[in-house]
Amino acid sequence: MRLRIAVLRLVATLAIAGTASVSLFAADRQLLNEWDVRNEIHLAPGVNPAIVKDYFPSFYDYLDTVLFHPTAGYYSSGRVDFTNHYRTFPGALAPVFGHMVAEQMFRMWDGMRKAGTLGPAEKFTIAEFGAGDGAMAESVLDYIDQQAATNPDPRWREFKQQAIYACYDRSPALSEIQRKRNSRFGARFDARQGDATNPSATIARASLKGVILSNELPDCFSVYKVILNADGSAEIAFTVPSVPSQVWQRIEASIPAAARNLIKKDDDVISHKLFADKSHQKTGAPHDRVYLSHAGFSAILDAFNAGSSYEDNVKLLQFQELYVPASVMPELAEHLRRYAPSYAYALTKNGKGMVTYINLGEGKFIQGAGAALKAGYVITIDYGSNWEGTLGQEFDHLRMYGPGSSQSHADPYHSPTLNDMTTDVNFSHIAAEGKSVGLEAMYFGPQHSLQMGTPVNLDQLPSSRPQTPDETADFQQWAGLFYSWEAYKVLIQQKDHTDAAYRYPGDGAEALAIPENGLSPVERQRLAEIAKKLAH
């Protein structure tokens, strides 16, 4: 799980995980984590499930809205809090976390120079996606400068001359923070707009030599919420936002006319077409809630954000979930078809169905990164696991940081836009998708392997930080977690024809493939049956 401010509280609350209410519909499905189906409703009989996506946001769209809505989103609004909501290792272990990464990139640069895939006059670009507040960039560039000035090895001076650092972020507010923080590095640093799920829109194909870096990035991508039933049938979650009728009557006048008219029009269509609720049309009396379409949900967030008491108003919203066959989303259906054996393995071993979160963005990111590289590496640092770990249900895979983090199970509908929300990264999926763009997985294992082969010392507080007891205790705590928190991983991928001699110095490598040799003949037959259904 992500090691942030709320993480210790989250670990403690996992012990009372069984206290959440359970939907009757979810219980009927026999799911391992049935509590994760929240306030489920059904379409009226005879309604074509394919039309749901014309009205309601998928869970993917819901996450994308609450995190990146242009005016109200957690990140795009600048509401993100890098101190009280969460901290990440580049900041908590600053500057030495960045020093370790810089040492690993120096080895990569040196190997490329020796292999002839990077000329002495070419730039070695460090492209960091999702750079947060720019702490990693600052630590890396500072370390390169220090080594160039003090290290007797002349290669560090060459490295400094060739290395440039570019941060890519979807949020203009964060890009500005990164730019201000690292302005002292001049032309060696740049903050650019870019969506990590589509690097090709920002970086031309095969135009970059160097390293594409991310720290705790794919976990922030929007994900599809999917029910995988024990027989291999799959359902996708759509989020149904609404406002209780009594609340709507109270706030209606404060909503701008255009938004108010949109919401009322869509509510009439949704009530009649999807839920066959005709009572309010016959009598003129309001039904118990006003449904918000995808556009209506966005419009009411805009309206709330433009007024006062935003946090109080956004908590007035209610949410239900609607599940329809995954086939209504072709992109998701294709993913399930391609990776059917891996999902079937988990269902076979568990003997029950499950709610899981599928991150197609991580695949798009690595494909875009591989396409952008002419030669070089991708370093992905995040929390997550392989197929077995991300599909296992020993602990929750959706996490929240902010007001909603106190829930025993992270409730994604608690205080929307006021929380960060993340899911575990499937490194097996990233590695598999990377192969299609010429990326070979060189190493997958614990994050603390970043220290191996480097002179970086975590035994004492760095001299650049305030030398106080509190600061020392804080650093020591995070250093201990750096070594012990095995959920944090690093994946090193190399673009083909980069450097045949390169070897990552870390040990403790972990498997990326499913260990199917542990299945009995009966289980193998069951796996084949489930995979066949998932693939169709």
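The values are calculated or read from the model by the stated rules, or taken from the named source; none is laboratory data. Keep in mind that what you see is a predicted model, and the values were worked out from it rather than measured. Here the Cβ is made from the backbone with ideal geometry for all residues, glycine too, and neighbour counts use every protein chain on show.
Quick check on this structure: which one of Ser308, Ser298, Ser327 is of a type in the set (S, T, N, Q) and not in a helix (DSSP H, G or I)? Steps first, please.
Details: Ser298 fails: not in a helix (DSSP H, G or I); Ser327 fails: not in a helix (DSSP H, G or I).
Of Ser308, Ser298, Ser327, the one residue that is of a type in the set (S, T, N, Q) and not in a helix (DSSP H, G or I) is Ser308.
Out of Tyr143, Tyr74, Tyr165, report the one residue that is part of a strand (DSSP E or B) and either more than 25 Å from Ala369 (Cβ to Cβ) or of a type outside the set (S, T, N, Q) (or both). Result: Tyr165 is the single residue among Tyr143, Tyr74, Tyr165 that is part of a strand (DSSP E or B) and either more than 25 Å from Ala369 (Cβ to Cβ) or of a type outside the set (S, T, N, Q) (or both). The number of residues in region 384-401 that are under 21 Å from Ala131 (Cβ atoms) and either surrounded by fewer than 23 Cβ atoms within 10 Å (Cβ to Cβ) or charged (D, E, K, R) (or both) comes to 1.
A quick yes/no check of all residues on (1) in contact with a strand residue (DSSP E or B) (Cβ under 9 Å, 6 or more places away or on another chain); (2) without any contact (Cβ under 8 Å) to a residue 60 or more places away in the chain; (3) under 29 Å from Ala206 (Cα atoms); (4) surrounded by fewer than 21 Cβ atoms within 10 Å (Cβ to Cβ):
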residue: His497; (1), (2), (3), (4): yes, no, yes, yes
residue: Ala501; (1), (2), (3), (4): no, no, yes, yes
residue: Tyr504; (1), (2), (3), (4): yes, no, yes, no
residue: Glu510; (1), (2), (3), (4): yes, no, no, yes
residue: Ala513; (1), (2), (3), (4): no, no, yes, yes
residue: Asn517; (1), (2), (3), (4): no, yes, no, yes
residue: Glu523; (1), (2), (3), (4): no, no, no, yes
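Summed over region 182-195, the residues that are surrounded by 19 or more Cβ atoms within 10 Å (Cβ to Cβ) and touching an Asp or Glu at 6+ places or on another chain (Cβ under 8 Å) give a count of 3. Filtering region 472-494 to residues that are closer than 19 Å to Ala102 by Cα and either of a type in the set (Lys, Arg) or in contact with a strand residue (DSSP E or B) (Cβ under 6 Å, 6 or more places away or on another chain) (or both) leaves Tyr488, Lys489, Val490, Leu491, Ile492, Gln493, Gln494.
Here Ser449 clears all of (1) touching a strand residue (DSSP E or B) at 6+ places or on another chain (Cβ under 8 Å); (2) on the phi > 0 side of the Ramachandran plot; (3) not aliphatic (A, V, I, L, M) except the condition numbered (2). Of all residues in region 512-535, exactly one satisfies the criterion of being within 23 Å of the chain's Cα centre (by Cα) and modelled with pLDDT of 95 or more, namely Leu512. Which residue is nearest to the chain's Cα centre (by Cα), if the candidates are limited to region 351-382 and must be assigned to a strand (DSSP E or B) and β-branched (Val, Ile, Thr)? So the residue we want is Ile358.
Condition first: in a helix (DSSP H, G or I) and farther than 16 Å from Ile492 by Cβ. Now tell me which residues in region 395-428 satisfy that. Of everything in region 395-428, those that are in a helix (DSSP H, G or I) and farther than 16 Å from Ile492 by Cβ turn out to be Pro403, Gly404, Ser405, Ser406.
If only residues of region 168-189 that are modelled with pLDDT of 95 or more and not in a helix (DSSP H, G or I) are counted, the one that is nearest to Glu138 (Cα to Cα) is Asn182.
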